[in-house]
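We did not get these values from a lab; they are worked out from the coordinates using the rules stated. Note that the structure is predicted; figures quoted are calculated from it, not measured. Cβ atoms come from the backbone with ideal geometry, glycine included; neighbour counts cover every protein chain shown.
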Amino acid sequence: MKNIVIGVTSSIAAYKIVELVIELKRDNKVAVIMTQNAANIIKPGEFEKLGVAVAIKTFKKSYDYKKYLKQKKIRHISLADNADIVVIAPATANIIGKIAYGIADDLLTTTVMATKAPVLICPSMNVNMWNNPIVQRNVKALQKLGYRFIEPEYGRLACGYKGVGRLADIKRIKDEIENILRYKNSLKGKKILVTAGATVEEIDMVRVITNKSSGKQGIYLAEEAYKRGADVTLLKGKTEIETNYPIKIVNFSSADNLSSLLNKEIKKNDVVIHAAAVSDFTIRKKINKKIESIKNESLILRLEKSKKIINRIKKINKKIKLVGFKAECNVSEKEIIEKAYKKLKEANCDLIVANDVGKNPFGSEMNNVFVVNRDKKIKQFKGEKREIANKILDLI
């Protein structure tokens with residue numbers, strides 16, 4: 001039995017949450033936090049008659065600081081600590097904005113700030129409010145921090161408008177809650193090593209050779225593995241984004257640098273997800289000064305092929321699960337799968353994730369990948385990179 005905390009805010013859709021509580025109560029322990037304005041829309045008694053505890057104020061009327069100090073039991077901390085998941089449904093533009101800016105001025109926001117549990121936000125508001133760039137900015141900011149959203153649906157709204165803003169279907173919310181709870185500790189006890197980002201090879205003391213990898217897919221894999229309870233180490237090269245989770249991070253620059261770090265870490269881990277974009281070539285001889293620019297003269301760089309890091313991983317630790325990545329550009333699906341399978345065999349991988357960067361550009365939040373296993377069975381995943389990260393972890 002899981003502990004589910006449901007935060008109800010002041011959207012007209014608040015009345016629909018009674019049905020959600022009824023559904024969740026069958027197999028879980030449910031507690032409800034209502035904002036003061038939500039209590040003006042739907043009476044707390046609607047939930048209480050279902051046998052659910054309802055809290056509105058941070059402190060009870062009989063607040064006595066001596067008693068609190070003695071018991072060491074603060075309401076929002078207890079709710080935050082006990083929660084397996086916090087669900088805000090319906091979520092107004094106001095609550096989304098407050099959480100995005102770290103404002104904790106009532107029981108619900110202080111509980112959200114204090115919890116380590118996953119937070120699922122289910123917005124419901126007028127279509128113009130939902131499309132307001134400030135609201136969208138706040139949603140995106142929270143998504144980047146790992147907060148999960150079920151976006152509102154299209155339909156007739158309580159205000160008389162028609163558009164996107166209706167609270168998502170209750171069954172859809174319930175299914176997502178169960179999905180998050182099911183995976184929450186699915187990797188607990190596992191040690192996972194993730195590489196992400198581009199390598200940087202120095203030409204001279206100023207110039208470098210690198211690639212366009214954003215590192216997003218690798219970072220999202222590390223974050224989602226952490227959220228599933230894994231002990232994650234992230235080897236991070238040049239990336240467009242950072243992680244805000246307390247994941248152990250070790251930075252690398254060149255292919256040789258990454259190779260040395262992997263040699264130290266491989267035997268300590270159960271799984272390696274090698275998503276880093278490693279340069280195929282390095283400079284044969286780095287110049288330890290700045291090469292002078294000479295007008296109308298060309299510069300010849302001599303490159304040498306880098307050693308394939310991925311091919312050495314299983315040789316160091318035969319028992320480790322190895323997930324490799326293969327990027328191609330503007331090739332057919334058949335060709336990308338064949339090349340991925342060839343790389344899987346060469347490196348003795350358990351899975352290879354292949355994508356076409358010509359069709360899904362570097363830096364995009366979207367991806368379309370083919371995951372190939374040892375039996376050459378193929379799964380295709382399309383969508384947001386964070387969602388794809390979860391699907392890859394499901395296979396692991």
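About its Cα centre, how strong a charge dipole does region 191-395 have in debye, to the nearest 20, once Lys and Arg get +1 and Asp and Glu get -1 at the Cβ?
800
Counting beta carbons within 10 Å around each of SER213, SER306 and listing the fewest first gives the order SER306, SER213.
Restricting the trypsin sites (Lys or Arg not before Pro) of region 362-391 to loop positions (DSSP other than H, G, I, E, B) with no more than 11 neighbouring Cβ atoms within 10 Å leaves LYS377. Taken over the alpha carbons of the chain as equal point scatterers, the Debye sum produces base-10 log I(q)/I(0) values at 0.07 Å⁻¹ of -0.42. Along the Cα→Cβ direction, 7 angstrom out, place labels at VAL250 and ASN37. What is the inter-label distance in nm? Once both label points are built, they end up 4.9 nm from each other.
Taking all Cα pairs closer than 8 Å and separated by 6 or more residues, the relative contact order of the chain comes to 11 percent.
Overall, the chain carries a charge dipole of about 1220 debye about its Cα centre when +1 sits on the Cβ of Lys and Arg and -1 on the Cβ of Asp and Glu, all other atoms neutral.
The calculated pair-distance distribution of region 2-183 uses every alpha carbon pair, bins of 10 angstrom beginning at 0, and gives 9, 39, 37, 12, 2, 0 percent. The phi torsions of region 353-358, fed into the Karplus equation with coefficients 6.51, -1.76 and 1.60 and a -60° offset, translate into couplings of 10, 10, 9, 10, 6, x Hz, rounded to whole numbers, with Gly and Pro shown as x. For the charge dipole of the chain, defined by +1 on Lys and Arg C-beta atoms and -1 on Asp and Glu C-beta atoms about the Cα centroid, which residue among GLN136, SER259, GLY363 has the Cα displaced farthest towards the positive pole? It is SER259. Around the amide H of ALA91, modelled in the peptide plane, lie the amide H atoms of CYS122, SER124, all under 5 Å away and 5 or more residues distant in sequence or on another chain. Here the label points at ILE103 and ILE209, each 7 Å from Cα along the C-beta direction, are separated by 5.2 nm in the simple model.
Distances between placed amide hydrogens fall under 5 Å for ALA83 paired with no residue 5 or more residues away or on another chain.
Of the chymotrypsin sites (Phe, Trp or Tyr not before Pro) found in region 334-388, those that fall in a DSSP loop while having at most 16 other beta-carbon atoms within 10 Å are PHE362. Taking each full run of DSSP H in the chain as one helix, which ones are at least 18 Å long along their axis (Cα atoms) and have mean Kyte-Doolittle hydropathy of at least 0.5? Qualifying helices, which must be both long enough and hydrophobic enough, do not occur.
Ordered by the number of other Cβ atoms lying within 10 Å of each residue's own Cβ, fewest first, MET34, MET113, MET205, MET1 fall into the sequence MET1, MET205, MET113, MET34.
Where only DSSP H runs of four or more residues are counted, the chain gives -9500 deg cm²/dmol as its mean residue ellipticity at 222 nm, each run worth -39500 (n - 2.57). Per-residue Karplus couplings for region 315-324, computed as 6.51 cos²θ - 1.76 cosθ + 1.60 with θ equal to phi - 60°, are listed in order as 6, 7, 9, 5, 7, 6, 7, 10, 10, x Hz, Gly and Pro entered as x.
Rounded to the nearest 20 debye, the dipole magnitude of region 2-183 is 520 debye, with +1 charges on Lys and Arg beta carbons, -1 on Asp and Glu beta carbons, and the Cα centre as origin.
Each residue of region 45-55 was assigned a 3J(HN,Hα) from its phi angle through the Karplus expression (A = 6.51, B = -1.76, C = 1.60, θ = phi - 60°), giving x, 5, 8, 4, 5, 8, x, 10, 6, 10, 10 Hz with x at Gly and Pro. Between LEU50 and ILE378, the contour length at 0.36 nm per residue exceeds the alpha carbon distance by 113.4 nm.
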